[in-house]
Amino acid sequence: MSEIIHFIVETIGSLGYVGIFLMMFLESSFFPFPSEVVMIPAGYLAYQGQMDITIAILMGILGSLAGALFNYYLALKFGRSFIIAYGKYFFFSPNSMKKMEDYFKKHGEISTFLGRLIPAVRQYISLPAGLAKMNLVKFCAYSAAGAGIWVGILAVFGYYIGVWLGDGINTQEIIDTFTAKSANPDEISIKSYLHYIVLITLGCVFVSALAYILYQKRKRK
């Protein structure tokens, strides 16, 4: 998998903002491409003055939304059996499909927002939304909002890697942090800090989901 990721980054990465869009499209569609190897280097390049962080985040959001729409229409047009039959070629199992469907049924439409902030869920939460024929405007709004938060977190983190390490690291080392089996001390620190960020984000997601559920229960009463 790491060889495939490196190939994609090397092939598309030279396209600048368009490359961000295309890679985030992949990340949000059927192919399990890590957003960390896209948005964190983009944030670091923004620190170096080679990119505008606002444009990079915008392209990341648009790419994520495009990938989410791809999955949405795939599920809407071809249905559950098609996804399960061909999902195995993209590292997607029937068990994964069941988890996505259960998550969507449990949290409803807002799951398209919350799911964008959860690792291993964000890529596929659009599938049950498509199967359920969720309102397209709501789907786009929730997906873009969730993707915007995650993309923004990664880009800002990448920018502060530059503040923290300066020119003592490069984008290839940042990518290797999430793809290579071995890591140097700086790469280990980056992964550790991101781990804490993910935990904090998940905590916020949990609190948000709980608040939403309580609000819905009170609304029904």
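The values are calculated or read from the model by the stated rules, or taken from the named source; none is laboratory data. Remember, predicted model here, so these are calculated numbers, not experimental data. Note that we place each Cβ from the backbone using ideal geometry, even for glycine, and neighbour counts take in every protein chain shown. The protein model used for the area step is the full one, side chains on, heavy atoms only, and it has no ligands, DNA or RNA in it. Shrake-Rupley method; radii C 1.70, N 1.55, O 1.52, S 1.80 Å.
Here the spin labels are modelled as points 7 Å beyond Cα on the Cα-Cβ line, and at ILE200 and PHE82 they lie 4.2 nm apart.
Restricting everything to alpha-carbon atoms, can you work out Rg to Rh for the chain with a Kirkwood hydrodynamic radius?
Working: Rg = 17.6 Å, Rh = 17.9 Å.
Dividing the radius of gyration by the Kirkwood radius yields 0.98.
Here is the list for the range 19-124: chymotrypsin sites (Phe, Trp or Tyr not before Pro) lying in DSSP coil, each with at most 16 other C-beta atoms within 10 angstrom of its C-beta, are PHE91.
Total lysine pairs in the chain at Cα distances under 22 Å, for residues eight or more apart or on different chains: 25. Quick check: at a probe of 1.4 Å, how many percent of the accessible area of the chain sits on carbon and sulfur atoms? Ligands and nucleic acids excluded, carbon and sulfur reach 65 percent.
In the calculated pair distance distribution of the range 33-103, what percentage of Cα-Cα distances lie above 17 Å? Before the final figure, lay out each step's value.
Details: 1422 of 2485 pairs.
Value for the range 33-103: 57 percent of Cα pairs lie more than 17 Å apart.
For the range 125-219, applying the loop criterion from DSSP together with a ceiling of 13 other beta carbons within 10 Å to the trypsin sites (Lys or Arg not before Pro) yields LYS133, LYS181.
So for the range 88-151, what percent of the C-alpha to C-alpha distances run longer than 13 Å? All intermediate terms of the calculation are to be shown ahead of the outcome.
Details: 1159 of 2016 pairs.
So the portion of pairs separated by more than 13 Å is 57 percent.
Taking only complete DSSP H runs, can you tell me which helices of the chain stretch 27 Å or more along their own long axis by Cα positions and average at least 1.0 on the Kyte-Doolittle scale? Those that pass (Cα extent of 27 Å or more, hydropathy at least 1.0) are 53-87, 136-165. With the alpha-carbon atoms of the range 45-162 aligned to their principal axes, the span from lowest to highest coordinate is 47, 30, 23 Å, starting with the largest. The gain in end-to-end length when the SER182 to LYS106 segment is fully stretched comes to 23.5 nm, 0.36 nm per residue minus the alpha carbon separation.
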